[in-house]
Each structure stands twice: as structure tokens, then as C-alpha cells.
1. Scan region 26-52 residue by residue and report those that are among the acidic types (Asp, Glu), loosely packed, with under 10 Cβ neighbours inside 10 Å and within 35 Å of the chain's Cα centre (by Cα).
2. Output the residues belonging to region 138-154 that are closer than 18 Å to Ile106 by Cα and either in contact (Cβ under 8 Å) with a residue 60 or more places away in the chain or not aromatic (Phe, Trp, Tyr) (or both).
3. So, in region 127-137, of the ones that are among the hydrophobic types (A, V, I, L, M, F, W, C) and surrounded by fewer than 16 Cβ atoms within 10 Å (Cβ to Cβ), which residue ends up farthest from Tyr108 (Cα to Cα)?
4. Being of a type in the set (Asp, Glu), in a helix (DSSP H, G or I) and modelled with pLDDT under 85: is that true of Glu85 here?
5. Quick one: is Ser154 more than 19 Å from Ala86 (Cβ to Cβ) and touching a strand residue (DSSP E or B) at 6+ places or on another chain (Cβ under 8 Å)?
Amino acid sequence: MTRLCRKQLHMFGGKQCKECYKIWWNTVKDSKKEDKKAYDKANRVEFSKREKAQRNAKREEYLAYMKSYREAHKPQRTAYQIKREAAKIQRTPKWLTKTHFAQIEIFYQSAHDLTKEFGFQMDVDHIVPLKGKNVSGLHVPWNLQVIPHTDNMSKGNR
């Protein structure tokens, strides 16, 4: 059922005449935006306190969850870490010299230093993965590189 709007200008079938709404919104939108800016500016401190409290509540909840998760999955995590260390040891050649081990240590130290300097996690990555599908690399200095953690995780095992 169609009918005329309140101003008797347009025909419409729903609860509100879209044309009249558009006309109204175009006349008041600037004042509404100004009112919102003024309100936000006047209540900025209150908003920031509320948002900070919400973040802290969520953070505490998240940390509690992670603590319980780590406790519940400690055996699996330990088994995985030991398996990874064993794989690394198996792929570390016996013919590496003290100089090579010092170079490997430099990679890990530089990753640590860059993490502190840039403020985001840096990882030591194996260019050819230690346990790839088609090829397995070695844990040697010329197979290492320092890259951001996000890039390392997106790389996967390839």
C-alpha cells in the first residue's frame, strides 16, 4: 500500500519517506557532525579512561587464559620443543668450527638487538627449512637470516 508522506510530497510504501529523510539529513548533517565533535572533545578524558579500563580488563582476561592454556598444554609444548631442538642438532654438521658457531650466535644476538631497537619481534630464519617437504637445510651460518616475525610465520615451512 503506497501513500503520501507527512509533507504530502512523495509516495512511499514503508515507514519513512526516503526523499524526505534525504532532505532532512542534508540540512542537519553538518550541525550533527559539529555537535558530535564538540561532545567527543568535551568527554575525551572520560572516553580514554573507559577505553583504558576495557583494554586492561581484556588484557588481564587474556593473560589469565594464556597462563591456564600453557599449564594445560605444557607436556605437548615441551615435547615439541625437544623435537625441534633434536632436529636442529641433527642438522648441525659436525665439521662446523668455533668460528661458524660464533657466526650463528651473532645472528641470534642481532635478532635480539633489532627486536629491542625496532620494537617488534625479529626472528632468525633458515633460508632452506630444516624439515622441508622436498629438501632439508642445515643449521649453518650461510643458511640463516634475520627477518621480522610476521614474515617468518607467513613463510611457513618453505
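The values are calculated or read from the model by the stated rules, or taken from the named source; none is laboratory data. Quick caveat, the model's predicted, so the values are computed rather than measured. Cβ: placed from backbone, ideal geometry, glycine included. Neighbour counts: every protein chain shown.
1. The answer is Glu46, and nothing else.
2. Leu138, His139, Val140, Pro141, Asn143, Leu144, Gln145, Val146, Ile147, Pro148, His149
3. Applying the filter and picking the extreme gives Val135.
4. yes
5. Details: more than 19 Å from Ala86 (Cβ to Cβ): yes; touching a strand residue (DSSP E or B) at 6+ places or on another chain (Cβ under 8 Å): no.
For Ser154, the condition - more than 19 Å from Ala86 (Cβ to Cβ) and touching a strand residue (DSSP E or B) at 6+ places or on another chain (Cβ under 8 Å) - is not met.
To keep it simple, each residue is scored yes or no on (1) more than 25 Å from Asp151 (Cα to Cα); (2) of a type in the set (A, V, I, L, M, F, W, C); (3) assigned by TED's automatic domain parsing to the domain that holds Met153.
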| site | (1), (2), (3) |
| --- | --- |
| Ser31 | yes, no, no |
| Ala38 | yes, yes, no |
| Ser48 | yes, no, no |
| Ala64 | yes, yes, no |
| Gln81 | no, no, no |
| Ala86 | no, yes, no |
| Glu105 | no, no, yes |
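Quick grid of which residues meet (1) of a type outside the set (Ser, Thr, Tyr); (2) in a helix (DSSP H, G or I):
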residue: Pro93; (1), (2): yes, no
residue: Leu96; (1), (2): yes, no
residue: Ile104; (1), (2): yes, yes
residue: Tyr108; (1), (2): no, yes
residue: His112; (1), (2): yes, yes
residue: Ile147; (1), (2): yes, no
